[in-house]
Amino acid sequence: MSNARLGVNIDHVATVRNARGESYPSPLRAALEAEKFGADGITAHLREDRRHIQDQDISDLINNLKIPLNLEMAATEEMLQIALKNKPNACCIVPEKREEVTTEGGINTIKNFDILKSYTNLLKRNGSRVSLFINADQTQIDNCKKIGVDIIEIHTGKYCQLIETDNSEAQEELDIITTMAEYADTIGLEVHAGHGITFKSIKPLAQIKFFREFNIGHFIIGESIFLGLQDTIKKMKSIILES
């Protein structure tokens, strides 16, 4: 059985809100409901283009949640200052391009090594745990250790796409993820997973004993249209805990 935590990403509640420029549905309400229904943490990505989560949402979440907030952020000076001001429990640094529909892969720790090390030091001194969202690659993991982060979050998007279509390459991708999760755990990094996870893909991922947390958003919010937020979260948690 897995004892991994479930982090619920509430970005796409804000996406629906912003589509009409209204004040509803409220990301804060969604986060508080998720907390009540058993989520272990909340994730919110404050993008540079503010396409979903807004600055006020971050402040509201910090001030009202009893469970930890994981702030996803790009490695920019603007986002650094927002994180330093709000002091979330954790900051997950992710790659970000304005033209992308969603995060397309892990951050490049080779190209961005110096700035990631600098930001990590500042965020950790400010009281936040720091995570890097990376591909399942040993060089990237080794750099995370050198940078000094507490956590890595492995990008599971490719695997999740493969398993949804019963692609024969899914097992190969899962094996890579398993090997890299074990390696990261061995060198003292806490290992999380996220991106594209559904009811179908969570079970084999949750069977990887090295994962301590799964951050899931788009599927949970989407499935809630049909099942409701409470039942969706409870079903996802039950799959994790029983795997």
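The values are calculated or read from the model by the stated rules, or taken from the named source; none is laboratory data. As the structure is a prediction and not an experimental result, all values here were calculated from the model. Neighbour counts run over all protein chains shown; Cβ positions are idealised from the backbone, glycine included. Quick note on the areas: whole protein, heavy atoms, side chains included, nothing else; ligands and nucleic acids left out. Shrake-Rupley method; radii C 1.70, N 1.55, O 1.52, S 1.80 Å.
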Please compute, over every Cα-Cα pair in the range 166-243, the percentage with a separation greater than 15 angstrom. 58 percent
When the solvent-accessible surface of protein heavy atoms is calculated with a 1.4 angstrom probe, in what order do ARG20, ARG129 fall, highest first? ARG20, ARG129
Which whole number in µm²/s is D for the chain by Stokes-Einstein, with the Kirkwood Rh taken over Cα pairs at 10 °C and 1.306 mPa s? 89 µm²/s
Multiply the residue gap between PHE226 and LYS36 by 0.36 nm, knock off their C-alpha separation, and tell me the result in nm, one decimal place. 66.5 nm
With R₀ set to 25 angstrom, the calculated FRET efficiency between the beta-carbons of ASP142 and LYS209, to the nearest 0.05, is 0.70
Give the carbon-plus-sulfur fraction of the accessible surface of the range 159-216 in %, rounded to a whole number; probe 1.4 Å, heavy atoms of protein chains only. 46 percent
Accessible area of ASP137 in the full protein assembly, 1.4 Å probe (Å², nearest 10): 60 Å²
Over the Cα atoms, compute the radius of gyration (one decimal) and Dmax (the largest Cα-Cα distance, rounded to a whole number) for the range 1-126, in Å. 14.8, 43
Starting at the first residue of the range 207-216, write each ³J(HN,Hα) from the Karplus equation 6.51 cos²θ - 1.76 cosθ + 1.60 with θ = phi - 60°, in whole Hz, x for Gly and Pro. 6, 7, 5, 7, 7, 9, 7, 10, 10, 10
Between the range 177-243 and the range 20-64, what's the alpha-carbon centroid distance in Å? 20 Å
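Round to the nearest 0.05 the FRET efficiency obtained for ASN167 and MET1 when R0 = 35 Å and r is the Cβ-Cβ distance. Could the numbers behind the result be given before it?
On the way: r = 28 Å, r/R0 = 0.80.
The pair ASN167/MET1 has a calculated efficiency of 0.80.
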Under 5 Å between amide H atoms, partner at least 5 residues away or on a different chain: which partners does ARG5 have, H built in plane at 1.01 Å? GLU213, PHE214
